[in-house]
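The values are calculated or read from the model by the stated rules, or taken from the named source; none is laboratory data. If you're wondering where the values come from, they're calculated on a predicted model, not measured in any experiment. Here the Cβ is made from the backbone with ideal geometry for all residues, glycine too, and neighbour counts use every protein chain on show. The protein model used for the area step is the full one, side chains on, heavy atoms only, and it has no ligands, DNA or RNA in it. Shrake-Rupley method; radii C 1.70, N 1.55, O 1.52, S 1.80 Å.
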Amino acid sequence: MLTRRTPQSPQHLAMLGGLWLSCVGQLPLWQALHGLPELADGRAPVFIGSTMVLVAALFTLALSALAWPRVIRGALTLALLGTVWSTPAADWGGMPAVTQFVVLAGGPLAWLWSRPVRHAPDAWAQLLNNLGLAMVAAGVVAAVLILSVADFSWMWLQHATLLELLSPIRVWRLLGSVHIA
């Protein structure tokens, strides 16, 4: 029996993409944070959780600008592929590239491209929806930073190299190293 697929709003796809990119796409970062001796006293789940919420909100904030019906699937595809491309196999326990692609991007991309995207009645309604999502994401970022400013500032100053594990930074560095002759 064939089932009709419910159209997804671009904002819903942006939120789901932000969650996926922050949870699964940043797994090497979460593993590195979990292994820090400073967090051995039981603070690791709280710190990693708050960092995960912060990163998800930042991804969602960035994707809210691209949450247009004709753009969001392409933007999420590029984000997922960039995350896979920029993550060294060693960071995934030596996982082969094909397995890494299937785990990180294959399933989400198959789901993403099998769903229709819902269109807003007009461009203004779409813009207001995108701005609403951006405001919610910015509010979450502000709240997490306010509640955890001491932990974040101390941790990221002591372990600045951990920021290199964030996939957007890795993608940017890899793009900077590409030379077209």
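A few points about this structure:
- Angle between the chain longest axis and helix 44-64 axis [Cα atoms, degrees, rounded to 10]: 30
- Between the stretch 63-127 and the stretch 20-48, the alpha-carbon center distance in angstrom: 23
- Note that the stretch 112-120 has calculated 3J(HN,Hα) couplings of 4, 7, 8, 9, x, 9, 6, 9, 6 Hz, one per residue in order, obtained from phi through the Karplus relation 6.51 cos²θ - 1.76 cosθ + 1.60 (θ = phi - 60°); glycine and proline are x.
- Remark on Gln8: its backbone amide H falls under 5 Å from those of Val117, Arg118, a criterion applied only to residues 5 or more positions apart or on other chains, H modelled at 1.01 Å from N.
- The residues Arg5, Arg70, Arg115, sorted by heavy-atom accessible surface at 1.4 Å with ligands and nucleic acids left out, run Arg70, Arg5, Arg115 from largest to smallest.
- Within the full protein context, the accessible area of His119 is estimated at about 110 Å² for a probe radius of 1.4 Å.
- Modelled label positions at Cys23 and Gln158, each set 7 Å beyond Cα in the direction of Cβ, lie 2.8 nm from each other.
- Compared with the dominant Cα axis of the chain, that is its longest principal axis, helix 72-86 is turned about 30°.
- Candidate values [x] 51, 46, 39; [y] 56, 42, 30; [z] 74, 32, 25, label of the one derived for Cα extents along the principal axes in Å: [x]
- Efficiency of FRET from Cβ geometry, His12 and Trp124, R₀ 22 Å, rounded to 0.05: 0.70
- Sequence-distant contacts, meaning Cα pairs under 8 Å at least 6 residues apart, place the relative contact order of the chain at 35 percent.
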